[in-house]
1. Ser92 - would you say it is over 30 Å from Glu268 (Cβ atoms), of a type outside the set (Val, Ile, Thr) and open to solvent by less than 30 Å² (accessible area, probe 1.4 Å)?
2. Which residues, taken from segment 255-272, are modelled with pLDDT of 95 or more and open to solvent by less than 40 Å² (accessible area, probe 1.4 Å)?
3. Can you name every residue in segment 25-61 that is assigned to a helix (DSSP H, G or I), within 26 Å of Ile213 (Cα to Cα), open to solvent by less than 70 Å² (accessible area, probe 1.4 Å) and of a type in the set (A, V, I, L, M, F, W, C)?
4. From Lys195, Lys205, grab the single residue that is at pLDDT 95 or above and open to solvent by 40 Å² or more (accessible area, probe 1.4 Å).
5. Out of everything in segment 220-252 that is without any contact (Cβ under 8 Å) to a residue 40 or more places away in the chain and of a type in the set (Asp, Glu), what residue ends up being nearest to Lys277 (Cα to Cα)?
6. Being out of contact with any helix residue (DSSP H, G or I) (no Cβ under 9 Å at 6 or more places or on another chain) and part of a loop (DSSP other than H, G, I, E, B) is the filter here, so list the residues in segment 251-300 that pass it.
7. Among the residues of segment 208-235 satisfying the criterion of being closer than 23 Å to Lys163 by Cα and hydroxyl-bearing (Ser, Thr, Tyr), which is surrounded by the most Cβ atoms within 10 Å (Cβ to Cβ)?
8. Output the residues belonging to segment 236-250 that are closer than 15 Å to Gly198 by Cβ, open to solvent by less than 40 Å² (accessible area, probe 1.4 Å) and either assigned to a loop (DSSP other than H, G, I, E, B) or not charged (D, E, K, R) (or both).
Amino acid sequence: MKISENNTPKIITIGTFDGVHMGHKKIIKRLVESAENSSLESAVLTFFPHPRMVLQKEVGIELINTIEERKQILQHTGIDHLYVYPFTYDFSRLSAQEYIEQILVKKLNAKKVIIGYDHRFGRNRNADIEDLKKYGEEYGFEVEEISKQDVDEVAVSSTKIRKALKEGEIEKANKYLSSHFLLTGKIVKGKGLGKDLGFPTANLKIIEKYKLIPKNGVYVVKAHIDSEEVFGMMNIGYNPTVGGSEKTIETYFFNLDKNLYGKEIQIEMLKRIREEKKFGGVKNLIEAMKEDQEFSEKYIHQLKTK
């Protein structure tokens, strides 16, 4: 999504906003309130691909959200504008002044920038917030500095969320996110093993290789399919009991009799039930899945009656 010329004066904040967690929302709340008090419009400027995906291709990166998930969440935070600027090698070579003049001033008409005390920008990230303040005086925009405490809170929260997800602590991750962790993808044909076991599953394919997938195991999940709220249990892993060798994300939705092949769906992860295990045989696996369903249905009932 490229930035189009827009002459409406704006207050802007800039960042990756991966996860759009409590720390991010605190900053965005400040942005929205500042815009309302100044009779300006609020805007978030973010970038995709992530700079490390362009400048450090050999280093694998795992993000809490895909770019589409990030856009979806940010667009529900009360901001007036969301700009996703394409991060390219050529863009990374812009000098600090070129970036300020071409993007913040000419394209976005920034009148105020709310940014972290440690923000760096321009070629080789050689400009800092003091440089930004000088450019602000030159180009006519104000700079409001986000404190070290607030910036550190954002960084720590992102680290904690990633750690929780990798350890399967989905409820802890959801608490930091102040929303449910999402998996978004297309339902594709699997091997049909779930159906043979009496638990027909929807096999979710996520094309974004950078998306962080939680620790293998069985989870309670929720989705909205054709405007209907449905619950189920998801297995992330290799299906070792039946000799699986490829990692899959499979969900058995309770009380749902629909052909989901080809559908794009978004699944919210609620709670981890157990580790993925290799059972002594298919019979033991089916018994375990029945127990998983019983656990899930009790948990869902508790959720609905809270």
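The values are calculated or read from the model by the stated rules, or taken from the named source; none is laboratory data. From a predicted model like this one, the values you see are computed outputs, not experimental measurements. Note: ideal-geometry Cβ built from the backbone for every residue, glycine included; neighbour counts use all protein chains shown. Accessible surface areas use protein heavy atoms only, side chains included; no ligands, DNA or RNA. Shrake-Rupley method; radii C 1.70, N 1.55, O 1.52, S 1.80 Å.
1. The answer is yes for Ser92.
2. Scanning segment 255-272 gives Ile265, Ile267, Glu268, Met269, Leu270.
3. Answer for segment 25-61, where residues must be assigned to a helix (DSSP H, G or I), within 26 Å of Ile213 (Cα to Cα), open to solvent by less than 70 Å² (accessible area, probe 1.4 Å) and of a type in the set (A, V, I, L, M, F, W, C): Met53, Val54.
4. Values: Lys195 fails: at pLDDT 95 or above.
Of Lys195, Lys205, the one residue that is at pLDDT 95 or above and open to solvent by 40 Å² or more (accessible area, probe 1.4 Å) is Lys205.
5. Among those that are without any contact (Cβ under 8 Å) to a residue 40 or more places away in the chain and of a type in the set (Asp, Glu), it is Glu246.
6. Asn255, Leu256, Asp257, Lys258, Asn259, Leu260, Tyr261, Gly262, Lys263, Glu275, listed by residue number.
7. Tyr219
8. If the condition is that a residue be closer than 15 Å to Gly198 by Cβ, open to solvent by less than 40 Å² (accessible area, probe 1.4 Å) and either assigned to a loop (DSSP other than H, G, I, E, B) or not charged (D, E, K, R) (or both), then Thr241 is the only one that fits.
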